[in-house]
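Participant: Below you'll find the structure I mean.
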Amino acid sequence: MLAELAHGRGQALLKQRNMLAVICLALIGLVMVLVMLFASKDREIVLQPVLTRPLAISSNGVTADYLEMVTRDTAIMALNRSPEALEYWMSEVLRIVHPSAYGRVKASLLKVVTEQKGSDVAQAFSMTGMTVDTKRLTSDVSGVLTVFVGKKVISSTKRTYRFRWSYAGLTLSLVEFGELVPADPGDTE
């Protein structure tokens, strides 16, 4: 009787051992498949060579550094244009526009494209200063706007432009931008 019990118990342990061995082999196989998948997957590293300090974005609001960097790039893109690249210029500006302002901004940009297409008028903006307001989500960019017809300089004037932004979630979008016209000194309000 003891022999039969010992034999039954031995058979049960053997079944458990074999079941454990099968599970271990299956897990080893699964791990190897996962390692192969992750080893062959493309990796991406975001390189930002123009950043001089660490940058983080948060749902709490926009940092002054981030607003300044986005404004700098947007101002360079929006205020420098040539007739050869007007379509590209317009599409790149529209990529960062907030959906609520898209139609209005596109209409303004189309007006510029229509006026300058086929002409020799180009403009270059040399930035000289910037102030950002993270509370009101505005940026003021000052600099010299130079207008060319062909290779000839037609005008070179100091100007200030304001960029107004919208921040939702972790997305900063352009709502509007335009020149700040100084108030007439003889004007009283």
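Read-outs throughout are calculated quantities, based only on the coordinates presented, and are distinct from any laboratory measurement. Just so it is clear, the model here is predicted, and its values are computed rather than measured. We place every Cβ from the backbone using ideal geometry, glycine too, and count neighbours over all the protein chains shown.
Participant: Can you work out ³J(HN,Hα) from phi for every residue in region 59-66, in order, using Karplus 6.51 cos²θ - 1.76 cosθ + 1.60 and θ = phi - 60°, giving whole Hz and x for Gly and Pro?
Facilitator: Residue by residue, region 59-66 yields 6, 6, x, 8, 7, 4, 4, 5 Hz.
Participant: By its C-alpha gyration tensor, with a ≥ b ≥ c as the square roots of the eigenvalues, how is the chain shaped: rounded for a/c under 1.5, else prolate for a/b larger than b/c, else oblate? Write down the numbers at each step before the final one.
Facilitator: Numbers: a/c = 4.35, a/b = 3.19, b/c = 1.36.
Judged from the Cα gyration tensor, the chain comes out prolate (a/c at least 1.5, a/b above b/c).
Participant: Could you line up 161, 88 from fewest to most neighbouring Cβ atoms inside 10 Å? Mind showing how you got there, number by number?
Facilitator: Numbers: 161 22, 88 12.
With the fewest neighbours first, 161, 88 line up as 88, 161.
Participant: What number, rounded to the nearest 500 deg cm²/dmol, is the helix-based mean residue ellipticity at 222 nm of the chain, given -39500 (n - 2.57) per DSSP H run of at least four residues and division by all its residues?
Facilitator: -14500 deg cm²/dmol
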